[in-house]
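Some notes on the structure that comes next.
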Amino acid sequence: MNKVEFIIKDTHRGLWYEDGVLTKVLEAGRYEYSNDKGLFGRKGPKVDVQLVDMRERDLTIKGQEILTADKVALRVSIIVQFRVVDPKLALHAVEKYEDRLYSDVQLAARRSLATMTLEEILTNRNRLSEDILRDVKNTAATYGVTIQRADVKDLVFPGNLQEIMNKVLAAERMSQVQLVEARTKADVQKIEFQSKADAQRMEAESRASAQRLAAQGDAEVQRLQTEVEIKRLQEREQHAQAYAKHPALLRMLELETLNELARNANARIYIGFDKHLPVEATKDGD
């Protein structure tokens, strides 16, 4: 008996036909079958296996010439990402599911782009994907296919429009460069102004701190001088009270003063005869 062995990878599924009738869908794994005659010369069913790729794939809808809502003729290429989710439907519901998907997406893209202006197509390509998904999703599901996304791949404009678009894009790039330069210049000026303001603030703080320390120093000196003067006055007051209380102390002070004067040869003593006048001592030249 001649057996046929085959392996189905995890990326594929197999449709098992016996005499042209689909009997089962094969998952990944190892399988075998035989189309030879069986016992007593009876021939078994003829087995045929068809593989279906279940991986995500790209389908490009090329060069669709479309008139936009604002009457601009352009050629659009669209890329569609899809995958088979039901291998039985993919092979049985339509003749060729990829060709059917191509046609469905082509018509949906034409309907969508015909309602959009050129500016909308350039600035909002997501709308095309959303329109195609909404328009084709349910239809594709009837033949076992799901669409992941659809996007504009290429846009080709008429010659004069292409030149205009290039000028517009160049002007936009120049304006962006000028905007960046202006922002950079403004940032530099802001930094310079901030640096100057910080320097002035630090200088003012330093000057104020120096003045504060100087004022504190002057106040401290004045306080010490005041304390010394108060102490001197307090001592004088104590001496005056002692002299008033003990006149003999004052007399002793006078005698000590006279003794000091007597040691100086240039000293002169003038004694007044008026008893109310105090004794005065002066030096020559006074």
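The values are calculated or read from the model by the stated rules, or taken from the named source; none is laboratory data. Note that the structure is predicted; figures quoted are calculated from it, not measured. All Cβ positions, even for glycine, are placed from backbone atoms using ideal geometry, and neighbour counts span all protein chains on display. With ligands, DNA and RNA removed, areas are computed over all heavy atoms of the protein, side chains included. Shrake-Rupley method; radii C 1.70, N 1.55, O 1.52, S 1.80 Å.
State which residue pairs qualify: first residue without any contact (Cβ under 8 Å) to a residue 40 or more places away in the chain and inside segment 130-145, second residue hydroxyl-bearing (Ser, Thr, Tyr) and surrounded by 19 or more Cβ atoms within 10 Å (Cβ to Cβ) in any location, beta carbons under 8 Å apart, and separation of 6 or more residues or different chains.
So the pair list comes out as Asp131/Ser112; Asp135/Ser112.
Kindly indicate whether Ser77 is surrounded by fewer than 18 Cβ atoms within 10 Å (Cβ to Cβ) and modelled with pLDDT of 90 or more.
no
Got a sec? Which of Arg201, Arg236, Arg251 is modelled with pLDDT of 85 or more, surrounded by 10 or more Cβ atoms within 10 Å (Cβ to Cβ) and either in contact with a Pro (Cβ under 8 Å, 6 or more places away or on another chain) or not aromatic (Phe, Trp, Tyr) (or both)?
On the way: Arg236 fails: modelled with pLDDT of 85 or more; Arg251 fails: modelled with pLDDT of 85 or more.
Only one candidate passes the filter, namely Arg201.
Scan segment 178-207 and report the pairs whose first residue is in contact (Cβ under 8 Å) with a residue 40 or more places away in the chain and whose second residue is open to solvent by 100 Å² or more (accessible area, probe 1.4 Å), with Cβ atoms within less than 6 Å and a gap of 6+ or a chain change.
Sorted first by the residue in segment 178-207, then by its partner, the list stays empty.
Name the strands (runs of 3 or more DSSP E) wholly inside segment 3-97 in which the number of residues that are more than 56 Å from the chain's Cα centre (by Cα) is 1 or more.
Numbers: elements: 3-8, 12-18, 21-26, 29-34, 47-53, 57-67, 73-84.
Output list reads 3-8, 12-18, 21-26, 29-34, 47-53.
Gln64 is checked against (1) under 29 Å from Asp104 (Cβ atoms); (2) surrounded by 13 or more Cβ atoms within 10 Å (Cβ to Cβ); (3) at pLDDT 90 or above and fails just one. What number does that condition carry?
(3)
Name the single residue that is modelled with the lowest pLDDT among those in segment 114-163 being assigned to a helix (DSSP H, G or I), farther than 11 Å from Val72 by Cβ and of a type in the set (Val, Ile, Thr).
So, considering only residues that are assigned to a helix (DSSP H, G or I), farther than 11 Å from Val72 by Cβ and of a type in the set (Val, Ile, Thr), the one modelled with the lowest pLDDT is Thr123.
Can you confirm whether segment 20-27 contains a residue that is over 30 Å from Lys153 (Cβ atoms), crowded, with 16+ Cβ neighbours inside 10 Å and either at pLDDT 90 or above or not aromatic (Phe, Trp, Tyr) (or both)? If you could, list the steps in order and put the result at the bottom.
Step one: of segment 20-27, the residues over 30 Å from Lys153 (Cβ atoms) are 20-27.
Restricting the remaining residues to those that are crowded, with 16+ Cβ neighbours inside 10 Å gives 26.
Still in the running and either at pLDDT 90 or above or not aromatic (Phe, Trp, Tyr) (or both): 26.
Yes, segment 20-27 contains at least one residue that is over 30 Å from Lys153 (Cβ atoms), crowded, with 16+ Cβ neighbours inside 10 Å and either at pLDDT 90 or above or not aromatic (Phe, Trp, Tyr) (or both).
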